[in-house]
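Read-outs throughout are calculated quantities, based only on the coordinates presented, and are distinct from any laboratory measurement. Bear in mind the structure is a predicted one, so any value in this text is a computation, not a measurement. For neighbour counting, all protein chains shown are included, and Cβ atoms are generated from backbone atoms with ideal geometry for every residue, glycine included.
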Amino acid sequence: MNAFTYPDTVDTANLSERPLLDVSGVTLQYKTRRHLVTATYRVDFQVFQAERYVLLGPSGCGKSSLLKAVGGFLAPVEGAIRLNGRAVTGPGPDRMMVFQEFDQLPPWKTVKQNVMFPLLASGKASRREAEEKALDCIARVNLSKFADVHPHMLSGGMKQRVAIARAMAMEPDILLMDEPFAALDALTRRKMQEELLQLWDDLRFTVLFVTHSIEEALVVGSRILVLSPHPGQVKAELNCDGYDHFAVGSPAFQDTAQRIHTMLFADEVETVKGLPS
Amino acid sequence: MNAFTYPDTVDTANLSERPLLDVSGVTLQYKTRRHLVTATYRVDFQVFQAERYVLLGPSGCGKSSLLKAVGGFLAPVEGAIRLNGRAVTGPGPDRMMVFQEFDQLPPWKTVKQNVMFPLLASGKASRREAEEKALDCIARVNLSKFADVHPHMLSGGMKQRVAIARAMAMEPDILLMDEPFAALDALTRRKMQEELLQLWDDLRFTVLFVTHSIEEALVVGSRILVLSPHPGQVKAELNCDGYDHFAVGSPAFQDTAQRIHTMLFADEVETVKGLPS
Amino acid sequence: AAEGRIRIAEQYGLGYLPLHVLRHQKLIEKHGKALGLDISVEWVQLSGGAAMNDALLSDSIDLGSAGVGPLLTIWDRTKGNANVKAIAALNSMPLFLTTTNPTVKTLKNFTDKDKIALPAVKVGVQARVLQMAVEKEFGEGKFDALDKLTVSLPHPDATAALLSGSSEITGHISGPPFQYQQLRDPKIHKVFSSYDVLGGPHTFNLIWAKEAFRTKNPKTYQAFLGALREAMDVINADHSAAADIYLAQNRGDLDKAFVISILDDPDNQFTVAPARVGAFADFMHKVGAMKNKPASWKDLFFEDLHGETGS
Amino acid sequence: MTGLSLAPRGRRAPPVRPEYERTVATTGPIGDVARPLSPWERIGNITALRRFAVLAAVALLWQIAATWQNNPLMFPTFAATVAALWEAIWRENLLSMAWVSLSVLLKGYAIAVVLAVLLTSFAVSTRIGNDVLSTLTSMFNPLPAIALLPIAMLWFGLGAVSLTFVLVHAVLWPLALNTHAGFTSVSETLRMAGRNYGLSGIRYVVTLLIPAAFPAILTGLKVGWAFAWRTLIAAELVFGVSSGKGGLGWFIFQNRNELYIDKVFAGLVTVILIGLVVENVVFRWIETHTVRKWGMVR
Amino acid sequence: MTGLSLAPRGRRAPPVRPEYERTVATTGPIGDVARPLSPWERIGNITALRRFAVLAAVALLWQIAATWQNNPLMFPTFAATVAALWEAIWRENLLSMAWVSLSVLLKGYAIAVVLAVLLTSFAVSTRIGNDVLSTLTSMFNPLPAIALLPIAMLWFGLGAVSLTFVLVHAVLWPLALNTHAGFTSVSETLRMAGRNYGLSGIRYVVTLLIPAAFPAILTGLKVGWAFAWRTLIAAELVFGVSSGKGGLGWFIFQNRNELYIDKVFAGLVTVILIGLVVENVVFRWIETHTVRKWGMVR
Ligand SMILES: Nc1ncnc2c1ncn2[C@@H]1O[C@H](COP(=O)(O)OP(=O)(O)OP(=O)(O)O)[C@@H](O)[C@H]1O
Ligand SMILES: Nc1ncnc2c1ncn2[C@@H]1O[C@H](COP(=O)(O)OP(=O)(O)OP(=O)(O)O)[C@@H](O)[C@H]1O
Ligand SMILES: [Mg+2]
Ligand SMILES: [Mg+2]
């Protein structure tokens, strides 16, 4: 983790003034046969090149929906989503997504084939290169022993690690991760976080990261969007660059964590009041 | 949370000497067409009446498998599992399980019906009672607004909350929970933890709890089983009674957390060594 | 079945006119009353000889009616056990080989480009008639010389194919009324009539039963035979009335004049006496389609008819 | 991350931006989480119009093909068929004939559905049951109904019972196959949840497996329905009927014999129309109120 | 937690137990995580034996029923059928007849599979395609093959092409129905993952939807296979073929006309045997190497 020293070597020449991802006034709704469910209401935020942007908010506030909208799977009913200035119209391999659900791995492919699949499907790599790359990424998520196993033989956390390896192997413009580490134990989680930061340090890609852990948000993110409960609206945007695992105990870290906590707690009190005993 | 004061009012007369759940020398294996995967190796532990027993271990170490074996879904190839002295032969509503996967809710039932389903199926309650109870539990997991919605319209965390409500409504002899709060945000998670402890305080049921968060283990559990990486073997059993949310900052808490951390880290070093760079 | 109940299966087509008359005029009931018996008659319509024999053998019907071929087959197979025999003939009618190929005057003119449609290749009356004709023309033992040109096709489909002129089917052996419908088309002409092949009129359709039915229901049987004879008389007395009955019974709106013209044709005779059934049996035995050879036509019929002059 | 890493992008860093906090908008119209759809949106979901267009296109194609073929004895035009249909309905009681067929069909269908459920429940609960089902299915499924009718007649006599037997044969195997396949693809987690409730035996099948496998079962029901028709018509065509109560197949057979090909097609169109109604009313209703509502299919 | 809470269990507390730490056993035999199954375990998985027992039971039942019925002209015994089968194979070239049928069948089947894939791909990618498929299926699926043969003859002449057309009709619709139902039940997450890879159009269907819907497709293939046989036999029964190259259906038809019922049953047994082989060898092999290996079915 001591390789993680970007602030010293920033190359400000490349700093792009236009945001990579521009989400403005996005309202997301699910139409079903009888209901119209509003998931988020007029959310706007910008993500710049090489940012590690975290979406934080209570369960059901529309984090996954926002990520799906950026992924191009869900069209906003209001507002616009622009990637590199172009409106997002559909999904594509430039935005690799790690889904929250465990059934995101095609069950007919082994772990290795699963990681190779998007590389080959998008034409990003030849078969040999894809295989090499896949094995490398599988090793990074510590699943080398299981490379030739089908997903149904994996535990929940192992499945999610495969999904992470798959997304990382693609080295996309922007990585969309929906609670990728939620199913992982403290240790594996920490290792994956470090792996992600290490990789970021190498490649300076952009991440849009959904998490429900304040600590994780602070460690992984460089900027945090705090969302209100359902329907999700923007509550605050905070900077948190510079915290790594070693900063967890520091007063600054604890301060920020406390601040976010309070923000979330404000709602808590409200919600609890409304609850039937 | 100030109602959570059990140590003062312990009724030692009822203390049962025989463990409620006795897992001895259990080896779990998955047979597939070509492989035999050992998930856990000769694991033994005892859970006593009213204990909050936590299984802690790295991803893929066999925690879910152990829980499934206790649930009666997976027969051990070696060793025995006894509940109340009787060998576990199959699943039953005396051991309600919260699964790790998000697809554990029958999609053809609404949230309310889902919570009522096991109550009715096991004959534990009449329709009217079941409905009343279901609505109460749904309110506790803060989903009253979604009581008449089908699961496919819920977010990941909401689905898991329904599963928790469903299990709690059953008030089983032993509650089996497989990372039930993993998909929840910090706030909801804390609320659910408190809810669980509150309920425990009222009813003194027994919980077998899988988690990957050391903090959660210490807060929720009264005793912790630490498992080694795959295949899972018992590494340690620790007491952690008396820590609640307010104890998180205390030195004792931090000590225990650190101790467990080190235990897990011991492996970490080993594993990392074995990793291809 | 108990005495007083009879289940008769008829088929679609003019050949079964005597049965249609029986049904329409309630003649069986009438003859039963004369014998002091209330007979309940059940009618069933089946679509072919094979279905008929299946129904008879499974005791779903008492009397089955179809062509000579199915009778000879079931007689042969049940000889010695169920003993199915014919009660009476229903008619004598010719079968024509018709063609749309103007160059075909005799069988020898058929080439490999032609296809002759039959209800069932190699089996059934039509196929046997063709084989007999071929043997006559090509020489002893060569009865199957044209079998390779034959194609199985139900009458209506073959007729439609022939009339439409847009398929490979150039020849067809059917029976009334299809062959008459075909001949109304100037493009279609007759190659031979089965009467030429067999040397005169021959029975086309018959009605038959298991021996057990006759021995257990002598009065019902007698009433049926009497009624059938009366039906023949009704038809032969007034073709126009018979045509009316046919049209009433078959619900279709076939042209009445056309029906009368067929009935008026002297080739088509309605009589209970069999004609040249023995010749068919001999041929089928010769080509191996029958294991048993009847000594005379009388072996094939119950004795009630043995007084008739048949062949 | 060796090999084909993208070209290094240098040590870029995002611009440093100010933090901000906002007050959340009061819950106005967005507050009621579940607002019903507007009537207009509801109408937009009706597929009847698009389906009707497809039907019209098929009819048009038919008319053109038939006119071009110009062979009314084998392939009448759509217009001629409609005329014949009209006439058959008013003058020849086509509808009551269709009803005769339909009632036999419904009986056979219902029996087959019950049998299929029993058979697959048995198959799913025991290993030998599984073998029995899979062996019987692979044995009997390929047998044509016509081959079975003679045996049916032997056992049940002529008439509706035999037809029903053949119908059951036609529907049972494909339905059992689909149902069983549906059962075996129910997710392991759902299966465990059900057994956790203490469900077992027939209650497990009825309250858990059947709804969970409902998309597959519905397909089986559709396929079975189609094959019931196919079989009934074929059986009537080949074997005729008992007195007086001719069905649709007999109507087709009779008119074919008289070379009224337009009426033959009218009979077939009746079959098609019944099929359309059943698919678009009955099955669609079931689908909307089950698997679609439950989000089990798109 | 009001209402029916269990009786309060008092303020019980568990006994206080000592903590302990253990050293983890060295990785002995348990170390190699994936140990191959022993030969004995492998043998235990063979189902051939159990299936054979089922077959024997069916044969026995048949023999008893036929002996009891004692009507050899309608329902020969199993023994008589086997004898007739033996004779038909050696003296009447039954095998080559079966081969004739089989080759026509395979052709029709293959064409139908391709068409079904195309049609459902179209249906799954556009809304109107969906309507077209569902309308066509509900229209044509119930039509019996026999009703279509005249039109087939008109367009394709006599012989194998018409039969193939009818076969395609028999297989296409049920297969398309199953495939489409399979496509629509693919999980939304998997669907999104596929589109995330940049897959679209036919590549999306081939590399994602088809494997994901494979359990349903396999059922469709099985049902289609069975119906191809049913149709071929029925079509040959009713329509025959040009005399030289009679198939199995023709064999059955001819012998039925001549009342050689034991041979009819011999023909049917041939169909059954082929069905068993295809199910237990071909489809089983496919199943083992796809959906079972992938853990998509139990
Ligand atoms: N169905 C299965 N078939 C074969 N192997 C399996 C199966 N399920 C789990 N395993 C294997 O068993 C081991 C333990 O799995 P298990 O799901 O119990 O882990 P876990 O401790 O719950 O992990 P996690 O925290 O990631 O959920 C893993 O190595 C996994 O590969
Ligand atoms: N398919 C759907 N149909 C209808 N409503 C949906 C659907 N998916 C999600 N919703 C609703 O949208 C809202 C936001 O869901 P979303 O999955 O985005 O939440 P989330 O922030 O990811 O929550 P979590 O942390 O629990 O995963 C929820 O209220 C949910 O009920
Ligand atoms: Mg989510
Ligand atoms: Mg697990």
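The peptide list E:224-232, C:156-164, D:152-160, D:279-287, put in order of mean Cβ contacts within 10 Å with the highest first, becomes E:224-232, C:156-164, D:152-160, D:279-287. Each Cα pair of segment C:195-235 feeds into the Kirkwood radius, which the Stokes-Einstein equation turns, at 4 °C and 1.567 mPa s, into a diffusion coefficient of 104 µm²/s.
Other residues with beta-carbon under 11 Å from the beta-carbon of C:F213 carry, at +1 per Lys or Arg and -1 per Asp or Glu, a net charge of +2. Working value for segment E:182-225: equivalent-ellipsoid semi-axes of 22, 11, 6 Å, each the square root of 5 times a Cα gyration tensor eigenvalue, largest first. Working from the Cα coordinates of segment A:130-259, the gyration tensor eigenvalues give, after taking √(5λ), semi-axes of 28, 16, 15 Å in decreasing order.
Sorted from longest to shortest, the spans of the Cα atoms of segment A:30-154 along the three principal axes equal 45, 34, 26 Å. Among residues other than C:M232 with Cβ under 13 Å from its Cβ, the summed charge is -3 (Lys and Arg +1, Asp and Glu -1). Within 10 Å of the Cβ of each residue in E:223-235, the mean number of Cβ atoms contributed by other protein chains is 6.
Axis-proximal residue of chain B for the rotation onto chain A, reported as residue and distance in whole Å: B:A182, 2, based on Cβ position. For segment A:84-94, 3J(HN,Hα) computed residue by residue from phi via the Karplus equation (6.51, -1.76, 1.60; θ = phi - 60°) reads 6, x, 9, 5, 6, 10, x, x, x, x, 6 Hz, glycine and proline entered as x. Peptide B:205-212 has a mean of 2 when you count, residue by residue, the C-beta atoms of other protein chains within 10 Å of its C-beta.
Values of log10 I(q)/I(0) for segment A:187-236 across q = 0.19, 0.26 Å⁻¹ run -0.70, -1.05, by the Debye formula with one identical scatterer at each alpha carbon and no solvent. Panel order for B:D173, B:D241, by other beta carbons found within 10 Å of each beta carbon, from fewest to most: B:D241, B:D173. Remark: chain C projects, on average over all directions, an area of 15.2 nm² (convex hull of Cα atoms). Taking Lys and Arg as +1 and Asp and Glu as -1, the other residues whose beta-carbon sits under 13 Å from that of B:L21 total +1. Remark: for residue pairs B:K159/D:K293; A:K159/B:K109; C:K79/C:K148, the C-alpha separation exceeds 22 Å in A:K159/B:K109; C:K79/C:K148. If both residues of a DSSP beta bridge must be in chain C, then about 55% of such bridges are antiparallel. Among E:V58, A:V219, the ranking by other beta carbons within 10 Å of each residue's beta carbon, starting with the fewest, stands as E:V58, A:V219. Counting only Cα atoms, chain A measures 56, 51, 45 Å along its principal axes, largest extent leading. Largest first and in whole Å, the equivalent-ellipsoid semi-axes of segment C:8-101 read 25, 20, 12, each the square root of five times a Cα gyration tensor eigenvalue. Scaled against 2.2 N^0.38 Å for its residue count N, the alpha carbon radius of gyration of the protein assembly as shown is 1.13. Over all Cα atoms in chain D, the spread is summed up by Rg and Dmax: 27.6, 92 Å. Among beta bridges from DSSP that stay inside the protein assembly as shown, the antiparallel ones total about 55%. In summary, the convex hull built on the alpha carbon positions of segment E:98-246 has an orientation-averaged projected area of 9.1 nm². Taking the inverse of the mean 1/r over every pair of distinct Cα atoms in segment B:115-202 gives a Kirkwood hydrodynamic radius of 13.3 Å.
Normalised by the residues of segment C:220-292, what does the relative contact order come to in percent, with Cα pairs under 8 Å and at least six apart? Reported as a whole number, the value is 27 percent. Take every pair of alpha-carbon atoms less than 8 Å apart whose residues are at least six positions apart; their mean separation over the length of chain C yields a relative contact order of 28 percent. Checked against a 24 Å cut-off, the cross-linked pairs C:K115/C:K142; C:K216/C:K298; A:K63/B:K191; A:K112/B:K31; D:K107/E:K222 give Cα-Cα distances beyond that limit for D:K107/E:K222. Here the scattering of segment C:191-311 is modelled by Debye summation over its C-alpha atoms, one equal scatterer each and no solvent; at q = 0.11, 0.14, 0.18, 0.21 Å⁻¹ the log10 of I(q)/I(0) is -0.51, -0.80, -1.14, -1.26.
As a proxy for reagent exposure, C:K210, C:K30, C:K113 were ordered by neighbouring Cβ count within 10 angstrom, fewest first; the result is C:K113, C:K30, C:K210.
What separates the A:Q258 label point from its copies, with the point 7 Å along Cα to Cβ, is 2.2 nm, written shortest first.
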